[in-house]
Every structure is written in C-alpha cells, then in structure tokens.
Amino acid sequence: MCVGRYQAKNVFILYDALGTFCDAMGPGVLNHPAVVSKILAPITTKWNALRDDDRGLLPLLECMTSVARGLGPSFVTSAPTVFKRCLTLLESNLVAIKAAEDAAEEIDSAELDGLRDFIILALDMMSAMAEALGAGVGKLFTGSNMMPLLHECITVRGRRGVFVSVFVSVFVFVFVFVFVFVFVFVFVFVFVFV
C-alpha cells in the first residue's frame, strides 16, 4: 500500500483519506478478513515504526481512530497493542505535563499543546475502540490503570480539549457497558420468565 512510499505531507493526506473511507464504509462493508488485513497491515507497520514522541504519530492516531470505528469488531486483533500504546502515551505525556507544570521556569506553550494533543488523540482512540468492540473492550480495561489515568487527565490545565475528551471517553465506556448490561438483562428476562 502507499503508506510506506509516501513522504510526510502526502502520508497525512493518505491517512485522512483512509480514515474517511473507513468512516463511510463502516463494519458492514469492511468486515471481511481480506479487507481487514489490507487496511491494518500497512498502518500497523507504520504504527510500530514510530516512537511515542514522534509528532507523525498524531495523524496516524486520528486515522486509526476512524479505522477502529470502520472495522468494528474486526479491530479486535489490533486492539490490545493499540490500547497498551494509548495507555503508554497517556502516562508519559501526563508525566511530562506535570513535570513542566512543577518546573519554575517558563514553559513553551506550543510544546505543552503538543503533549496535550497526544493525550486527546489517545483518549479518542480508546473511545473508538470501545465503540468498535462493545463489551469486548472490558477485557482491555481489566488490570489496566485506565481509571487513574482518566482522573489525571481531568486535572490537566490549560486545554479544554483534554477535559472534553475525558468526558466523551467516559460516556462511551459507560454507554457500552450499560447497553450490554440492559441487553443481557432483557435477554435473560425474556427467555427465563416468558
């Protein structure tokens, strides 16, 4: 695919086109093993090649968010790796922001905004995985430090986007779990008591 051949500016356009394609097609069309591998293989290779502090990861995170939503349950094979990396991005950028806030010297606001961008996009990616995997995302949360990290994200100052992304993520996580709980409850009620 073109992901490995294009240079920086063109690859960003390619990521946007791929994300738009996945958003438009959705899981109904993209839920075929051949299509899933054609989409995931090149962007997973690029995902693994980029460092956590590489700004080139930001547009790839946006693309992966759309890909996760577009692939739906088929994203399950990539979900554990992506989830762990998102947790790592959250943790490392929160530590960097806290260190910068605690430092007495003047901090470059553009650098802080870059750190906050990583947090926002990692939260958006995790929210997309919750939408895509439904109740299956619970396996990823088990044993993770997701809730303390969400609490830390709320305390990040100076950027409403982080705050909004935290609440959107929490809403999606709660909605998915409540929906599954209600579905199971209704299913059991209908088949056991009727």
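Summary of values
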quantity: Share of carbon and sulfur in the accessible heavy-atom surface of the range 45-121 [1.4 Å probe, %]; calculated: 52
quantity: Unsatisfied cross-links (Cα-Cα over 26 Å) in the set Lys9/Lys139; Lys38/Lys84; Lys46/Lys84; Lys9/Lys98; calculated: Lys9/Lys139; Lys9/Lys98
quantity: Charge dipole magnitude, Cβ of K and R +1, D and E -1 - the range 16-127, Cα centre, debye nearest 20; calculated: 880
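The values are calculated or read from the model by the stated rules, or taken from the named source; none is laboratory data. The structure presented is a predicted model; accordingly, all values stated were derived computationally and were not measured. Here Cβ is always computed from backbone atoms with ideal geometry, including for glycine, and neighbour counts include all displayed protein chains. To get the accessible areas, we keep the full protein, side chains included, count just its heavy atoms, and leave off ligands, DNA and RNA. Shrake-Rupley method; radii C 1.70, N 1.55, O 1.52, S 1.80 Å.
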